[in-house]
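Visitor: Quick one: structure below, then a few questions.
The values are calculated or read from the model by the stated rules, or taken from the named source; none is laboratory data. Since we're looking at a predicted model, the values are computed, not measured. With ideal geometry, Cβ positions are generated from the backbone for all residues, glycine too; neighbour counts draw on all protein chains shown. SASA here: full protein model, heavy atoms, side chains in, ligands and nucleic acids out. Shrake-Rupley method; radii C 1.70, N 1.55, O 1.52, S 1.80 Å.
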Amino acid sequence: MSAVSEVIVDGKLVGTKEQIAERVARNKKVRAGVFDILSGDDRAQRVLAARAIHVVAIEEPDVLKEHGEQMADALEKPEAQTRWEILGALEKMVAVDARVVDKALVPAQTALHDAESGVVRLAAFRMLAAYGATTERRSEKVWPLLDEAIRVYHGDPEFTQMLSGVIRLVSGNSSREVKIAAADTMAFDAEHSKGLVGRRAKRIVDCAPKRRKRP
């Protein structure tokens, strides 16, 4: 039995996400088949494909580098789970090759304001923050999007986890201007919020470089 026929039968995926992911990671034909299913018309199959791809991105992200365009296309699918699984996969891809994420930036911006799913919004936020943490230029590109989301979703259930994305951004290779802007955005929470929000806000503020004094 071939690796393809073990997990794809009559054009449909069979097995658990882990079983599928194992074969995706080691077999190019299986990868191609799974990405074809991700682009297909069967909603349940798209979700299963997206779940398996997310597992691969966690364990063997290198093998997915040539599939950035297909992952970006999957962010246009109607079901929330496909979108959040692929956004999670793209977040993992940043550490391997952030250029893979370039094609996904526009649909990720849309996902950041998904009207129905907080999980999708959070996954988009985390992906964009990870991308922005890689270089100063990228940080300045995504910060206005993240800043708006922080203000819009303040107090939502996902807000605290969004702040972990901001910490990643300002702890990484973001620009001085972005670090200062993030500190300004979180200054009120750093001073007045309690619990995890307050602690994370303080960490963000602490990452800002000291402002240069004017002569």
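Visitor: When you go through (1) open to solvent by 80 Å² or more (accessible area, probe 1.4 Å); (2) under 13 Å from the mean Cα position of the chain (by Cα) one by one for Lys65, which number turns out not to apply?
Guide: (2)
Visitor: Within segment 179-190, identify whether any single residue is under 15 Å from Gln109 (Cα atoms) and either at pLDDT 95 or above or of a type in the set (Lys, Arg) (or both), and answer yes or no.
Guide: Filtering segment 179-190 down to residues under 15 Å from Gln109 (Cα atoms) leaves none.
The answer is no, given that none of the residues of segment 179-190 is under 15 Å from Gln109 (Cα atoms) and either at pLDDT 95 or above or of a type in the set (Lys, Arg) (or both).
Visitor: Condition first: open to solvent by 20 Å² or more (accessible area, probe 1.4 Å), in contact with a Leu (Cβ under 9 Å, 6 or more places away or on another chain) and under 20 Å from Asp102 (Cβ atoms). Can you find one or more residues in segment 159-173 that meet it? It would help to see each step written out before you state the result.
Guide: Taking segment 159-173 first, the residues open to solvent by 20 Å² or more (accessible area, probe 1.4 Å) are 160-161, 164, 168, 171-173.
Now restrict to residues that are in contact with a Leu (Cβ under 9 Å, 6 or more places away or on another chain): 160-161.
Narrowing the set further to residues that are under 20 Å from Asp102 (Cβ atoms) leaves none.
Within segment 159-173, not a single residue is open to solvent by 20 Å² or more (accessible area, probe 1.4 Å), in contact with a Leu (Cβ under 9 Å, 6 or more places away or on another chain) and under 20 Å from Asp102 (Cβ atoms).
Visitor: Of (1) closer than 22 Å to Ser139 by Cα; (2) at pLDDT 95 or above; (3) open to solvent by 50 Å² or more (accessible area, probe 1.4 Å), Ile86 satisfies all except one. Which?
Guide: (3) is the only condition that Ile86 fails.
Visitor: I'd like the full set of residues that are over 21 Å from Ala181 (Cα atoms) and among the small types (Gly, Ala, Ser), limited to segment 96-142.
Guide: Ala98, Ala104, Ala108, Ala111, Ala115, Ser117, Gly118, Ala123 - these are the residues of segment 96-142 that are over 21 Å from Ala181 (Cα atoms) and among the small types (Gly, Ala, Ser).
Visitor: May I ask you to say which residue of Val34, Val100, Val47 is at pLDDT below 95 and open to solvent by less than 30 Å² (accessible area, probe 1.4 Å)?
Guide: Val100
Visitor: Is segment 167-179 home to any residue that is farther than 21 Å from Leu87 by Cα, of a type in the set (A, V, I, L, M, F, W, C) and in contact with a helix residue (DSSP H, G or I) (Cβ under 8 Å, 6 or more places away or on another chain)?
Guide: Within segment 167-179 (the criterion being farther than 21 Å from Leu87 by Cα, of a type in the set (A, V, I, L, M, F, W, C) and in contact with a helix residue (DSSP H, G or I) (Cβ under 8 Å, 6 or more places away or on another chain)), the answer is yes, since at least one residue qualifies.
Visitor: Name the one entry in Arg200, Arg151, Arg176 that is exposed (fewer than 15 other Cβ atoms within 10 Å of the Cβ), more than 20 Å from Asp102 (Cα to Cα) and touching an Asp or Glu at 6+ places or on another chain (Cβ under 9 Å).
Guide: Details: Arg200 fails: exposed (fewer than 15 other Cβ atoms within 10 Å of the Cβ); Arg151 fails: touching an Asp or Glu at 6+ places or on another chain (Cβ under 9 Å).
Unique residue meeting the criteria: Arg176.
Visitor: Okay, moving on. Identify all residues within segment 25-42 that are over 23 Å from Lys77 (Cα atoms) and among the hydrophobic types (A, V, I, L, M, F, W, C); write none if there are none.
Guide: The answer is Ala25, and nothing else.
Visitor: Run Met127 past the list (1) under 20 Å from Ile37 (Cβ atoms); (2) buried (at least 16 other Cβ atoms within 10 Å of the Cβ) and report the number of the one that doesn't hold.
Guide: Unmet condition: (1).
Visitor: Related question: Given the criterion touching a residue at least 12 places away in the same chain (Cβ under 8 Å) and in contact with a Leu (Cβ under 6 Å, 6 or more places away or on another chain), identify the matching residue among Ala72, Ala123, Ala89, Ala80. Show your work before the answer.
Guide: Numbers: Ala72 fails: in contact with a Leu (Cβ under 6 Å, 6 or more places away or on another chain); Ala89 fails: in contact with a Leu (Cβ under 6 Å, 6 or more places away or on another chain); Ala80 fails: in contact with a Leu (Cβ under 6 Å, 6 or more places away or on another chain).
The conditions single out Ala123.
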